Amino acid sequence: MPSPRIVPELYPSDFAASLDFSTRVLGFRVVYTRPEDRFAFLDLGGAELMLEQTTDPARTFIAGKLEYPFGRGMHLQIEVEDAEAVYGRVLEAAGSSCPSKTAGIGRVTGRPGGRQFVVLDPDGYVLRPFQSLGTRPVRKPPAD
């Protein structure tokens, strides 16, 4: 599988909490880690992500003050094998009720089709797990 041409690196406020959420809840696996730097390189079926909470300001590339919710103005779509399973783990991690930060899982309209939902990670980064359902034929409007 070819490597992605872009790999986001997120700066969490709590490395352990973000790593737990990314691996246990979303299903990423740790490719490698540098514990002394609070860094992990993660993979989920070819979707790659880096987490780093360094204590060395010279190692960060931050354009402004980090305030919750982090990542304003963008969200990350992550293709997953089973959106329903990921959604179930998100609900389980949130407790018995659906958190307000999680939109219900829904079917993407048009071509190609898929299932997706939106969830905020512990720092407010907007993540959109997406499962492709292939393409659907275009329906022609009824003739008058």
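So which residues in the stretch 95-104 are open to solvent by less than 90 Å² (accessible area, probe 1.4 Å) and either modelled with pLDDT of 80 or more or under 14 Å from the mean Cα position of the chain (by Cα) (or both), if there are any at all?
Of everything in the stretch 95-104, those that are open to solvent by less than 90 Å² (accessible area, probe 1.4 Å) and either modelled with pLDDT of 80 or more or under 14 Å from the mean Cα position of the chain (by Cα) (or both) turn out to be THR102, ALA103.
Among the candidates LEU120, LEU133, LEU127, which residue alone is aliphatic (A, V, I, L, M), modelled with pLDDT of 65 or more, open to solvent by 30 Å² or more (accessible area, probe 1.4 Å) and closer than 26 Å to GLU67 by Cα?
LEU120
Looking at the stretch 27-83 only, could you name the residues that are in contact (Cβ under 8 Å) with a residue 40 or more places away in the chain, of a type in the set (D, E, K, R) and over 25 Å from GLN116 (Cβ atoms)?
GLU52
In the stretch 48-74, what count of residues is obtained for those that are at pLDDT 80 or above and open to solvent by 80 Å² or more (accessible area, probe 1.4 Å)?
Residues flagged as at pLDDT 80 or above and open to solvent by 80 Å² or more (accessible area, probe 1.4 Å) within the stretch 48-74 amount to 4.
Within the stretch 1-22, track down each residue that is open to solvent by 40 Å² or more (accessible area, probe 1.4 Å), in a helix (DSSP H, G or I) and of a type in the set (S, T, N, Q).
Those that are open to solvent by 40 Å² or more (accessible area, probe 1.4 Å), in a helix (DSSP H, G or I) and of a type in the set (S, T, N, Q): none in the stretch 1-22.
Can you spot a residue in the stretch 34-41 that is farther than 14 Å from LEU127 by Cβ, modelled with pLDDT of 90 or more and in a loop (DSSP other than H, G, I, E, B)?
yes
Can you name the residue in the stretch 23-47 that is small (Gly, Ala, Ser) and under 22 Å from GLN131 (Cα atoms) and is also surrounded by the fewest Cβ atoms within 10 Å (Cβ to Cβ) among such residues?
Looking at the filtered set, the residue picked out is GLY46.
Condition first: at pLDDT below 90, closer than 19 Å to ASP20 by Cα and either open to solvent by 40 Å² or more (accessible area, probe 1.4 Å) or in contact with a His (Cβ under 9 Å, 6 or more places away or on another chain) (or both). Now tell me which residues in the stretch 83-94 satisfy that.
Passing the criteria: LEU91, GLU92, ALA93, ALA94.
The values are calculated or read from the model by the stated rules, or taken from the named source; none is laboratory data. Predicted model, so just to flag it, every value in this text is computed and none were measured. Ideal geometry is used to build each Cβ from the backbone, glycine not excepted, and the neighbour counts take in all protein chains shown. Calculation scope for accessible area: heavy atoms of the full protein, side chains included, ligands and nucleic acids excluded. Shrake-Rupley method; radii C 1.70, N 1.55, O 1.52, S 1.80 Å.
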